[in-house]
Amino acid sequence: MSTIVAPSLLAADFLHLERDVEMLNRSEADWIHLDIMDGVFVPNISFGFPVIHQLKSITQKPLDAHLMIISPEKFADEIAATGAAYMNVHYEACPHLHRVVQEIRKRGMKPAVTLNPHTPVSLLEEILPDLEMVLLMSVNPGFGGQRFIEGTVRKVALLKEMILRRNAQALIEVDGGVNLETGRRLVDAGADVLVAGSFVFSSEDPEETIRQLRAL
């Protein structure tokens, strides 16, 4: 099975957003990853619902909404209205995670949970069977173009072992510092989905770069 590739729109050219989305439509990209930031949970602000609603009318790819915000459950209805396939919330932002996961599924989306680099995968032991995906941050969230945190490869392997042991079905997604070299190691360790922003949009041939990532 090909590796799932989800280019992060955070690295796109926002003066030519429609052009970049059309490129993704033509490409072999599987999903479009949306980094939604509030300037509180992470030290940056990205884009909000007006932009995402515009994307809904032009994209042909499923939307993977990654909410780097406090109290993400407050926006479940808004995310569902964008047509997003996945609603991805941070473990660190949800003291009542099981309830949030239920609310996401109730709205017809696939629940996913993100872990910051310092958060161990063992904390997902009880919620894992209820998840469709786990996103491991391989950089500190908030900004694109950061250096890959090497410990993520081992973290992927630990999570894969836990998924198999619990007979769970969750995909493993990794975001941050992904390129062909780190991507290969992550896939070998058990990753199913690679999020790539700068590596895709800064390349001379983004469509070819996406094709190469899918072939890992």
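Of everything in segment 16-42 that is surrounded by fewer than 18 Cβ atoms within 10 Å (Cβ to Cβ) and of a type outside the set (A, V, I, L, M), the residue that is modelled with the lowest pLDDT is G39.
If you filter segment 56-90 down to residues that are of a type in the set (S, T, Y) and over 20 Å from L131 (Cα atoms), you find that the one that is modelled with the lowest pLDDT is S57. Sub-8 Å Cβ pairs linking a first residue in segment 189-216 that is closer than 18 Å to D20 by Cβ and buried (at least 19 other Cβ atoms within 10 Å of the Cβ) to a second residue that is among the basic types (K, R) and modelled with pLDDT of 95 or more, at least 6 apart or interchain, number zero. Checked against the criterion of being under 12 Å from the mean Cα position of the chain (by Cα) and at pLDDT 95 or above, the candidates L131, L115 yield just one match: L115.
β-branched (V, I, T) and in contact with a Pro (Cβ under 7 Å, 6 or more places away or on another chain): does that describe I79? No. Inspection of segment 75-82 identifies no residue that is under 12 Å from the mean Cα position of the chain (by Cα) and in contact (Cβ under 8 Å) with a residue 12 or more places away in the chain. A29 satisfies every condition listed in (1) out of contact with any helix residue (DSSP H, G or I) (no Cβ under 6 Å at 6 or more places or on another chain); (2) within 23 Å of L171 (Cα to Cα) except (1). Restrict the check to segment 43-55 and report whether at least one residue is surrounded by 15 or more Cβ atoms within 10 Å (Cβ to Cβ), at pLDDT 95 or above and among the β-branched types (V, I, T). Taking every residue of segment 43-55 in turn, none turns out to be surrounded by 15 or more Cβ atoms within 10 Å (Cβ to Cβ), at pLDDT 95 or above and among the β-branched types (V, I, T).
The values are calculated or read from the model by the stated rules, or taken from the named source; none is laboratory data. All figures in this text were calculated on a predicted structure; none of them were measured in a lab. Note: ideal-geometry Cβ built from the backbone for every residue, glycine included; neighbour counts use all protein chains shown.
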